[in-house]
Amino acid sequence: MNIHAFDTSEFEHRLLRVQERMRYHRLDALVVTSQPNFRYFSGFDSQFWESPTRPWFLIVPAHERCIAVVPEIGAPVLATSWIDDIRTWPAPRPDDDGVSLLADALHSLPQRFARIGMEMGRESTVRMPLIDFLRLRERLAMSGTDVADGSACIWQVRNIKSPAEIAYIRQSCELVSAAFEELPSQLATGRTEQEVCRDLTMDILRRGAHAVPFLAAASGSGGYAQIISRPTRRVLHEGDVLIIDVGATINGYFCDFDRNYAFGKLSDPARRAQDAVWRATEAGIAAAVPGATTSDLWRTMTAILERAGMRKNNVGRVGHGLGLQLTEPPSNMADDHTVLEAGMVITIEPGMEYEDGKMIVHEENVVITPEGAELLTKRAPREMPTV
């Protein structure tokens, strides 16, 4: 995501929303350190995040605009963002890599609750050395300030996408859908998973994706055993089923969905599994309405799969949130009772193992609207495309 992917008003709205949640959770400030949350609130992203040498900090105060505490190397680019308070140090400086500067900035803020939030909870991470985190916590404790989990504030805001965010996800879904529709003309027995996926990646980029950070593929006779590995040199044969799962981005916003392709005749057990998973997907889409819960979606889809003879679903859930990250909260699973709201973007992802080591998985992306789920991907056909 580049800094100018959104108007300043987008970030101002995000700030107001998270500050409302911070007051509810009794926090004087949030300290954001991870790449997705840093760019969510600042608009700043860079390939330099691939270097773990330097930490980056963004302070979200309870009532004021954000404060960036960053290495000097990042200041010129960050200065073109909507952030106007940028404080720097000559990093890397392992003996004090921004800790003192960050602590001083936090001490300068008004205190009401004496609590600072950080990314400590569900699907969150603190991107700084643990020893530096302990030093920061000790310095704050000396002034009577506690460090608490602030991740709930962030996810409650990030879960509801703005129209501009949804537009980027939709664009990613549309161009990958078009690439998937074209793919059968490039498929043939004798080719490898790697060859097929290399061509698909180039096609997705030519169609306008900014990046393809995630592409998994697997194949096997009548099905596959897993869905998370990189494509291999395995040669595709008659009777195989190939799954390709793509996470491409536009300005940092992901799509995440798969397509299945059969080579020659599809076995009867695989055909029945394909139909069951397709019907479960239809039911999941229909059930994804405001007020329903993610556990409702899990029950709806799982009931269909179990009636069809599912042995297990080793994915552990049947969908998840989607946005600046390939997978975000919530999870469509039995014990996640998140209530769906308009503006959420989620995946509908039922799958079933129907024989030992053989599974079929479907995935579509939807946005929750006041009327129900709207498909962002082009729906997979009921019958698996055959090469």
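Arrange the peptides 253-265, 82-94, 216-228 so that the one whose residues have, on average, the most other Cβ atoms within 10 Å appears first. Please report the intermediate quantities before stating the final value.
On the way: 253-265: 22.6, 82-94: 15.1, 216-228: 19.1.
My ranking of the peptides, most packed first, is 253-265, 216-228, 82-94.
Calculate the dipole size of the stretch 3-158 relative to its Cα centre from +1 charges on Lys and Arg beta carbons and -1 charges on Asp and Glu beta carbons; express the result in debye to the nearest 20.
Numbers: 18 positive and 21 negative charges, 91 e Å.
Computed charge dipole of the stretch 3-158: roughly 440 debye.
Highest-first packing order for the peptide set 176-183, 141-148 is 176-183, 141-148, based on the mean count of other beta carbon atoms within 10 Å.
Net charge dipole, the chain: roughly 280 debye, given to the nearest 20, about the Cα centre with Cβ charges of +1 for Lys and Arg and -1 for Asp and Glu.
Against the compact-protein benchmark of 2.2 N^0.38 Å, the Cα-based radius of gyration of the stretch 163-375 scales to 0.98. May I ask you to list the lysines whose Cα is less than 27 Å away from that of Lys265, ignoring any residue fewer than eight positions away on the same chain? Straight-line reach from Lys265, under 27 Å: Lys312, Lys358, Lys378. Computed from Cα positions, the angle between helix 163-182 and the longest principal axis of the chain comes to roughly 30 degrees. Fewest-first ordering of His337, His25 by other beta carbons within 10 Å of each residue's beta carbon gives His337, His25.
Charge dipole of the stretch 163-375 (Cα centre as origin; +1 on each Lys and Arg Cβ, -1 on each Asp and Glu Cβ, all else neutral): 560 debye, rounded to the nearest 20. Based on the Kirkwood radius over alpha-carbon pairs, what is the Stokes-Einstein translational diffusion coefficient of the chain at 10 °C with 1.306 mPa s viscosity, in µm²/s? So the translational diffusion coefficient is about 71 µm²/s. Shown in residue order for the stretch 153-158 are the 3J(HN,Hα) couplings computed by the Karplus curve 6.51 cos²θ - 1.76 cosθ + 1.60 at θ = phi - 60°: 4, 5, 5, 4, 8, 5 Hz (x for Gly and Pro).
Among His107, Leu200, Ile169, whose Cα sits farthest toward the positive end of the charge dipole of the stretch 99-237 (+1 at Cβ of Lys/Arg, -1 at Cβ of Asp/Glu, about the Cα centre)? Positive-most Cα among the choices belongs to His107. Listed values for the stretch 70-76 are Karplus-derived 3J(HN,Hα) couplings in whole Hz (6.51 cos²θ - 1.76 cosθ + 1.60, θ = phi - 60°), namely 9, x, 4, 5, x, 4, x, and x replaces Gly and Pro. By the count of neighbouring beta-carbon atoms within 10 Å, fewest first, Val196, Val31 end up ordered Val196, Val31. Of the GluC sites (Glu not before Pro) found in the stretch 314-387, those in coil by DSSP whose Cβ has at most 16 other Cβ atoms within 10 Å are Glu341, Glu371, Glu383.
Remark: Asp104, Asp203 ranked as Asp104, Asp203, counting other beta-carbon atoms within 10 Å and listing the fewest first. When the charge dipole of the stretch 3-158 is built from unit charges on Cβ atoms (+1 for Lys and Arg, -1 for Asp and Glu) and taken about the Cα centre, the candidate among Gly121, Pro90, Ile131 whose Cα reaches farthest toward its positive end is Gly121. Dipole of the stretch 2-58 computed with +1 at Lys/Arg Cβ and -1 at Asp/Glu Cβ about the Cα centre; of Leu15, Gly43, Leu27, farthest Cα towards the positive end is Leu27.
Residue ranges 318-328, 158-168 sort as 318-328, 158-168 when ordered by packing (mean number of other C-beta atoms within 10 Å per residue, highest first).
Read-outs throughout are calculated quantities, based only on the coordinates presented, and are distinct from any laboratory measurement. For clarity, every value in this text was computed on a predicted model and none was experimentally measured. Virtual Cβ from ideal backbone geometry, glycine too; neighbours counted across all protein chains shown.
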